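Read through the structure below, which is laid out as structure tokens, and then see the notes.
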Amino acid sequence: MRRFSKFLLLCFALLVFFGVVGVGVVGYGFYYFGRGLPEYDQLANYEPPVMTRVHAADGSLIAEYAHQRRLFVPIEAIPPIVREAFISAEDQNYYEHPGIDFSGILRAFVTNLKNLGQGRRLVGASTITQQVAKNMLLTNEVSYKRKAKEAILALRINRALSKDRVLEIYLNEIYLGQRAYGVAAAALYYFDKPLNKLTIAEAAYLGALPKAPNNYNPFTHPTRALDRRNWVISRLLEEGYITPEQAREATNTPLLAKHGGDAEVIKAEWFVEQVRRELYDLYGESALYDGGLSVRTTMQTSMQRLGERVLRGGLRAYDRRHGYRGPLSNFEVKEDWTVRLAQFPVPKGIGDWRLAVVLKLENKKAEIGFSDRTAGILPIAGAKWAREFIDVAHRGPAIGKMSDVLSVGDVILVSHYTPEKDEDEEGDKEETAKMDEPDTGNLYGLEQIPKVSGGLVAMDPHTGRIDAIVGGWSADASEFNRAVQAYRQPGSAFKPFVYAAALDNGFTPADKIMDGPFVLTQPNGERWKPANYSHEFYGPSTLRLGIEKSRNLMTVRLARAIGMDIVADYAKRFGIDDNLMPSLAMALGAGETTLLKLTTAYAELVNGGKEITPTLIDRIQDRRGKTVYRHDKRPCEGCNPVEFEDQDPPELPDDRKQIIPATTAYQIVSMLEGVVQRGTGWRVRAVGKPIAGKTGTTNDSQDTWFMGFSPDLAVGVYIGFDTPKPLGRNETGSSVSSPVFTHFMEEALKDKPATPFRVPEGIRLVRINAQTGEPARPGDKHVILEAFKTSTKLLSQRDVLDGSEEGFSGDAPLTPTQREEKAVRSGTGGLY
């Protein structure tokens, strides 16, 4: 008995000893392997990388930014059947164990012992928590060290986070094959459905994937994938999550996965790239690519597509007017011509055009071949425009036969050709700026990528929301965005702001300025002699006529009279140029600005002189739906009622800064409407609705513009070479840029009512003679309604601003009272 007692005491001592040693070993193991692992606070704040999605104003997806394609869905929004499928397949005791499933480990140990020597794969016992831990360690190293760290981290995670939070991370982070990370991305890819639309069978298939996504790929291993899915269905039944009837129905359902079910992304590279740059500046690279932002932009999909099409059409029309620069290359046509053509580098930016080689020439047509061995016909009508390019002012002789323009072996670009859509064969300047629609026939027309480029901006003038932005011929060919990044001289498109300054400084639209020779001796002794585009002089003319006909000499005299410091101030007010040099040449648009800045300035004219901030982004939400950025920061009481019961719409405060009086803004709008009706913008009359705008052309026609607006849409168009050089003889804002503007407005406004420009309080409309600026008399021709401020006592001053020391010439100089009446006036000018 005593010996037995000693034996028991010895066993107890050994047990205690080994227990202490075991605890020490385990403790040391926790210390050794736990060094450098994330602590509780890090784990509590852990969020898997999620892709950022960018949407147009209508909700269309226009971009995704991610290192891993993952959509984040809060655990509350994940349907129970999806959660249960993963738990049944991966970790049946998930809600009971502390992060490590000891019973599962024992079960796996026994199973592996039974399978020993049978060549079967070893069964694992990793829990969902351990799988999350492995992903957080960012390594797939196969070693006992990594397994130990994984176990320690799983225990820490279980203490730091709730079970639902861990499951949320797991279901949003797990890789499920085909570039899909997380259950939401996988549901979209395999079944083209959101999570809440998945059936039991579909949820079970997703639950089958974590073990080996490639092995259970439904497209390459359909039988294996079906068997694994049915196994998950059986596990759901065993765990009591579904009924036998549901299990039977799900098992009998075919596995109907959809190959490549990625979300459709609308192409809008110019707009999207500008948004990406702004997001990068706001939040940095990590948040952009991993932050799971949801970005709602201002882009109107239809307008963006329209803008890209009409600008390309305008650039193509200009390019055709100046001739054909020759084929891309030429090679001898032999039996291997398809191979050589297939190996030829395809130029960037050709869109839906095709690369072809000329196989045979006849007088009136050419036979062309494509790399896929198909053939087509290029009729002479599709190449009539292609007179030889000599320089911007000269072309070769007209095309009489195909050999005048092409040779056998020429590598060329072609597009589908429809004879009835062929425009003026000589490429006259009236050629439409619209692109030809593709045809399904076998006829093709000759094409070439324009060297000229440009930009287009469309904007809501009341909010600054940018509806469309186009930065050139093709974003594939050049990422340089000419609408935002190109600083160019606006030329005459700047003149309205000189006239706005004058109207705020005592002038009226009916006042007269001498249109005659002007010479200014500069400090260096040189004499500056500006001239009108026509190189003619027209004598005394009204301010309105000066802007309608874009008279340079009148504008210079006007700027000199009011002072260039005031003009520079107005350029700064409108955001055109913050540091405009106070030189008279700047009054003619010799400074530099961007298309976006100038379009914004024109928008501020039509909105009643209110300052706006152009924006591409309406709202940004984080991965959990919280709004973290909003362009419109105005408070809105009553904007989020529980339900609508015929209550009045909420009233939002107008906190826009008044740049110039609404009355002055309207006077300029009225004068710019005259530019379209009677002046240099006459081509825009084709829109058939109230439109106002201004052409712009710089010296030697290096840059051409048309800036304009309807009451609720401002649009700017710029066209020129990236390295400034002349566009050619008689190429102006009217001939180059205004057709693009016209075609854009025709389509953008075709379903809109003909809304007149809004007349603000403080304006009276008076019938005057447009030629003389005097009140209209019976029998007068050219009578118009002129906009005068109600505070103006004299409709016009008979004296003519001629640039003399007094400034005005006439019967008598202005009296002090008249000078006072022509002083600067300010104020809100009433409601707009």
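Details
- Here the condition is being in contact (Cβ under 8 Å) with a residue 12 or more places away in the chain and either open to solvent by 40 Å² or more (accessible area, probe 1.4 Å) or over 46 Å from the mean Cα position of the chain (by Cα) (or both); of E245, E238, it holds for E238 alone.
- Hey, D577 in contact (Cβ under 8 Å) with a residue 12 or more places away in the chain and touching a helix residue (DSSP H, G or I) at 6+ places or on another chain (Cβ under 7 Å) or not: yes
- Taken over segment 162-203, the criterion of being surrounded by fewer than 22 Cβ atoms within 10 Å (Cβ to Cβ), under 17 Å from Q131 (Cα atoms) and out of contact with any helix residue (DSSP H, G or I) (no Cβ under 6 Å at 6 or more places or on another chain) is satisfied by S162, K163, R165, Y175, G177.
- Once segment 597-640 is narrowed to residues that are among the small types (G, A, S) and modelled with pLDDT under 90, the residue that is nearest to R70 (Cα to Cα) is G625.
- Picking from residues in segment 673-699 that are part of a loop (DSSP other than H, G, I, E, B) and open to solvent by less than 40 Å² (accessible area, probe 1.4 Å), the one that is farthest from R729 (Cα to Cα) is P690.
- Test: residue in segment 204-220 that is on the phi < 0 side of the Ramachandran plot, part of a helix (DSSP H, G or I), modelled with pLDDT of 85 or more and open to solvent by 40 Å² or more (accessible area, probe 1.4 Å): no
- All positions within segment 337-371 that are over 17 Å from L443 (Cα atoms) and of a type outside the set (A, V, I, L, M, F, W, C): T338, R340, Q343, P345, P347, K348, G349, G351
- Filtered by the rule that a residue be part of a strand (DSSP E or B) and touching a residue at least 60 places away in the same chain (Cβ under 8 Å), segment 590-627 gives T593, K610, T615, I617, D618, R619, I620, Q621.
- For segment 489-518, filtering for residues that are open to solvent by 30 Å² or more (accessible area, probe 1.4 Å) and either in a strand (DSSP E or B) or in contact (Cβ under 8 Å) with a residue 60 or more places away in the chain (or both) leaves 3.
- One residue stands out in segment 312-356 among those that are part of a strand (DSSP E or B) and touching a Phe, Trp or Tyr at 6+ places or on another chain (Cβ under 9 Å): the one that is surrounded by the fewest Cβ atoms within 10 Å (Cβ to Cβ), namely S329.
- Conditions (1) over 24 Å from the mean Cα position of the chain (by Cα); (2) buried (at least 17 other Cβ atoms within 10 Å of the Cβ); number of the one not met by E604: (1)
- Residue satisfying all of: in segment 564-580; of a type in the set (D, E, K, R) and not in a helix (DSSP H, G or I); nearest to Y602 (Cα to Cα) among these: D577
- Residues that are touching a residue at least 24 places away in the same chain (Cβ under 8 Å), touching a Pro at 6+ places or on another chain (Cβ under 8 Å), surrounded by fewer than 24 Cβ atoms within 10 Å (Cβ to Cβ) and not small (G, A, S) are absent from segment 633-645.
- Considering each residue of segment 108-117 in turn, none proves to be within 30 Å of Q621 (Cβ to Cβ), at pLDDT below 90 and in a helix (DSSP H, G or I).
- D648 being modelled with pLDDT under 90 and either within 30 Å of F757 (Cβ to Cβ) or of a type in the set (V, I, T) (or both): yes
- Pairs linking a residue in segment 758-770 that is without any contact (Cβ under 8 Å) to a residue 24 or more places away in the chain to a residue that is open to solvent by 70 Å² or more (accessible area, probe 1.4 Å), with Cβ atoms under 9 Å and 6 or more positions apart or on different chains, are L765/V759; L765/L785; R767/L785; N769/R777; N769/K781; N769/H782.
- Subset of segment 771-789 [touching a strand residue (DSSP E or B) at 6+ places or on another chain (Cβ under 7 Å), of a type outside the set (D, E), in contact (Cβ under 8 Å) with a residue 12 or more places away in the chain and assigned to a loop (DSSP other than H, G, I, E, B)]: G773, H782
The values are calculated or read from the model by the stated rules, or taken from the named source; none is laboratory data. Only a predicted model underlies this, so the values are computations on that prediction, with no experimental measurement involved. Here the Cβ is made from the backbone with ideal geometry for all residues, glycine too, and neighbour counts use every protein chain on show. Note: areas computed on protein heavy atoms with side chains; ligands, DNA, RNA excluded. Shrake-Rupley method; radii C 1.70, N 1.55, O 1.52, S 1.80 Å.
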